[in-house]
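Q: Mind looking over this structure? Questions follow.
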């Protein structure tokens, strides 16, 4: 009889909304976290933890502060920064294998890929984060501002500087 009651209960609109958020953002969120951590296993753990935190805290989401997607990326960013802090406390076990951030580049031009990879490697982690949010996650400047805790115009200005820096580095190569 208990199964019948569950079957007849109305669907939870928050749960279906969260399912849609997961389907929409999971791949982009993983690419973003992977860019920050440069470690596939840790990125998978952080993404899982971010979705778990978001699911548990979904009742506290305030649409006036930004989109659900930006909120989720902010949760993931905090989880990734927590992971990076943990790594600093542990003894260094060697350099991690870097992620190939130029995977989205044109596969048919290895010279262009190498130039992009080298230019991205020269960016500091905060600059790489901006590139990941804009081009891997496809976020607007307003959403990026929510994630990094800055205004939309500040996020846009910082991103513009980073893109100019990338262009210059790629042109030199």
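Q: If R0 is 25 Å, what FRET efficiency do you get for residue 56 and residue 140 from their C-beta distance, rounded to 0.05?
A: So, using R0 = 25 Å, E works out to roughly 0.40.
Q: OK, next. Gain in length, residue 152 to residue 48, computed as 0.36 nm per residue apart minus the alpha-carbon separation, to one decimal in nm? If you can, show how the numbers build up before the last one.
A: On the way: separation 104, 0.36 × 104 = 37.44 nm, distance 2.77 nm.
My answer for the length gained is 34.7 nm.
Q: So, in nm, how far is label residue 67 from label residue 171 when the simple model puts each one 7 Å beyond its Cα toward the Cβ?
A: Placing both labels 7 Å beyond Cα along the Cβ direction yields 3.1 nm.
Coordinate-derived values only; no laboratory data. If you're wondering where the values come from, they're calculated on a predicted model, not measured in any experiment. Don't worry about glycine lacking a Cβ; one is built from the backbone with ideal geometry, like all the others, and counts go over all protein chains shown.
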